[in-house]
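Participant: Next up is a structure, given as structure tokens.
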Amino acid sequence: MARIERRPACDLYHSALQVHVPEETFVIEQTPVPDLSGQQRGVVAGGAVGSRWASRFRVFRYEIRLWRNGHIPDVAEAVDSPRRLSTEEDRARRVLDLVPHVPTPVWGRDELGAGEMWNSNSVIAWVIARSGIDKESIRPPEGGRAPGWQAGLVVAGSHHEEADS
């Protein structure tokens, strides 16, 4: 894609959140659907990957997790992470409350007209933006990109009233 857009190639990043509240920790992440035991992983939503018609096959579906006491399998490989975004408990609870309301358009497409494809970065950006955390202070590590991030911010701004109801 960098060659097509005539820009330097960058490392690509996948976003996820760990949210700590006094009684427990939650992991928020968008991932492929590994099996049919989503309830164990705190799955609260899901969508199609690539195209809606293909989503009848598990390999073409994603899940959004709000996983109580969950883990991020590759967190040890994270670059420039973790980053503390807030220490406010009410902000953390707002984040947790928002996750089941994240839009679920087709992954890898721009169905919502945000100017960029929807993916895991979009989900996290949407949650952060809607929660009131300062989204401008969050940037990928130097030399990297988080494709889909801007789509999450755009959609969070344009669906403000709808997600509050």
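Quick note: the coordinates plus some simple rules give every number you see, no bench work behind them. All of these numbers come straight from a predicted model, not from anything done at the bench. Ideal geometry is used to build each Cβ from the backbone, glycine not excepted, and the neighbour counts take in all protein chains shown.
Participant: Distance from a point 7 Å along Cα→Cβ of residue 75 to each backbone N in segment 1-28: keep the residues under 20 Å and list them by number.
Facilitator: Within reach of a label on residue 75, which here means backbone N under 20 Å from a point 7 Å along Cα→Cβ, segment 1-28 contributes 13-28.
Participant: Next question. Give me the net charge of residue 47's neighbourhood, meaning all other residues with Cβ under 15 Å from the Cβ of residue 47; Lys, Arg count +1, Asp, Glu -1.
Facilitator: Counting the neighbours of residue 47, the net charge comes to +2.
Participant: Looking only at 25, 87, 104, which one moves most when the chain is put into a Gaussian network model with springs between Cα atoms under 10 Å?
Facilitator: 87
Participant: Any idea what % of Cα-Cα pairs in the chain are farther than 24 Å?
Facilitator: Of the Cα pairs, 34 percent sit more than 24 Å apart.
Participant: What list of ³J(HN,Hα) couplings, whole Hz, do you get for segment 138-149 from phi and the Karplus terms 6.51, -1.76, 1.60, once you set θ to phi - 60° and write x for glycine and proline?
Facilitator: 9, 9, x, x, 3, x, x, 9, 10, x, x, 4
Participant: Return a whole-number percent for the relative contact order of the chain, with Cα pairs under 8 Å and 6 or more residues apart as the contact set.
Facilitator: Relative contact order for the chain comes out at 25 percent.
Participant: Could you pull out the chymotrypsin sites (Phe, Trp or Tyr not before Pro) across segment 1-82 that fall in loop regions by DSSP (anything but H, G, I, E, B) with no more than 14 other Cβ atoms inside 10 Å?
Facilitator: 57
Participant: Now for a separate question. Enumerate the amide H contacts of residue 107 below 5 Å, restricted to partners 5 or more residues apart or on another chain; note that Pro and chain-start residues carry no placed amide H.
Facilitator: Amide H neighbours of residue 107, under 5 Å, 5+ apart: 48, 49, 50.
Participant: Just check segment 1-50 against the gyration tensor rule for me: Cα atoms, a ≥ b ≥ c as the square roots of the eigenvalues, rounded for a/c under 1.5, and otherwise prolate or oblate depending on whether a/b exceeds b/c.
Facilitator: oblate
Participant: Give a residue-ordered list of calculated ³J(HN,Hα) values for segment 93-99 (Karplus: 6.51 cos²θ - 1.76 cosθ + 1.60, θ = phi - 60°; whole Hz; x for Gly, Pro).
Facilitator: Ordered by residue, 3J(HN,Hα) equals 5, 4, 4, 4, 5, 7, 3 Hz.
Participant: Using DSSP to define loop residues, name the trypsin sites (Lys or Arg not before Pro) in segment 1-82 whose beta-carbon has at most 11 other beta-carbon atoms within 10 Å.
Facilitator: In loop regions of segment 1-82 (DSSP not H, G, I, E or B), the sparsely surrounded trypsin sites (Lys or Arg not before Pro) are 3, 6.
Participant: Then there is this: Taking the chain as a Gaussian network, Cα atoms linked when under 10 Å apart, which of 48, 76, 151 shows the biggest mean-square fluctuation?
Facilitator: Sorting by GNM fluctuation, first place goes to 76.
Participant: Taking only Cα atoms and a 10 Å spring cutoff, compute GNM fluctuations for the chain and point out the largest among 63, 77, 88.
Facilitator: Of 63, 77, 88, the most mobile in the Gaussian network model is 77.
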